[in-house]
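Have a look at the structure below before the remarks.
The values are calculated or read from the model by the stated rules, or taken from the named source; none is laboratory data. Given the structure is predicted, the values throughout are model-derived calculations rather than measurements. Cβ atoms come from the backbone with ideal geometry, glycine included; neighbour counts cover every protein chain shown. Ligands, DNA and RNA are stripped out before the accessible areas are found, and what is left, the full protein with its side chains, is counted by its heavy atoms. Shrake-Rupley method; radii C 1.70, N 1.55, O 1.52, S 1.80 Å.
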Amino acid sequence: IETCLERGIRIVNVSYNISEAEADGPLATVCRKAYDLGVIVVAAYRNGMQQPVYPAAYPVVIGVRHGRELTAGQVSIDCEENFDLFAAGSSTSSACAQVSAMVGRIHEINDSIRLEEAFAFLKEVAIR
């Protein structure tokens, strides 16, 4: 993530699934730095796991789980307070990539879009 920030990348797609991350450790710090710089981090949750994994569970990251009932381009909201959602895909990693692509399309229209605005758009188009 730090390398992406150094290179000016605005949307970061990751699938780390770290279960033992600290709330204020290095991963949290770089995710907060990304957020502060206006970079949107989209991260996959671990397949089939309900426990939090990082960076997906951080409040400054869009966390993605896969929703088998969804088709490509569809999302549904999991938790608004933590920017979590479901997306189409055979795994959380592929679902995460779909959401990153959607955020990228939003970014093409508004290159200064921030996390809250991107999530608001995803919420607006979400399947209820």
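Could you please give the count of residues in region 74-84 that are out of contact with any Leu (no Cβ under 6 Å at 6 or more places or on another chain), in contact (Cβ under 8 Å) with a residue 24 or more places away in the chain and assigned to a strand (DSSP E or B)? Spell out the reasoning first.
Keep residues of region 74-84 that are out of contact with any Leu (no Cβ under 6 Å at 6 or more places or on another chain), which gives 74, 76, 79-84.
Still in the running and in contact (Cβ under 8 Å) with a residue 24 or more places away in the chain: 74, 76, 80, 82-84.
Those left that are additionally assigned to a strand (DSSP E or B): 76, 84.
Within region 74-84, residues that are out of contact with any Leu (no Cβ under 6 Å at 6 or more places or on another chain), in contact (Cβ under 8 Å) with a residue 24 or more places away in the chain and assigned to a strand (DSSP E or B) number 2.
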Of the numbered conditions (1) open to solvent by 10 Å² or more (accessible area, probe 1.4 Å); (2) in a loop (DSSP other than H, G, I, E, B); (3) within 21 Å of T92 (Cα to Cα); (4) not hydroxyl-bearing (S, T, Y), A28 satisfies every one except a single condition; which is it? (2)
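Could we say that V41 is outside any helix (DSSP H, G or I), in contact with a Pro (Cβ under 9 Å, 6 or more places away or on another chain) and surrounded by 12 or more Cβ atoms within 10 Å (Cβ to Cβ) here? Break it down stepwise before answering.
Numbers: outside any helix (DSSP H, G or I): yes; in contact with a Pro (Cβ under 9 Å, 6 or more places away or on another chain): yes; surrounded by 12 or more Cβ atoms within 10 Å (Cβ to Cβ): yes.
Answer is yes for this residue.
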Starting from residues that are of a type in the set (A, V, I, L, M, F, W, C) and either farther than 17 Å from C79 by Cβ or open to solvent by 20 Å² or more (accessible area, probe 1.4 Å) (or both), keep the ones in region 102-125 and report whichever is modelled with the lowest pLDDT. V125
If we keep just the residues of region 67-82 that are open to solvent by less than 30 Å² (accessible area, probe 1.4 Å) and of a type outside the set (A, V, I, L, M), which is modelled with the highest pLDDT? S76
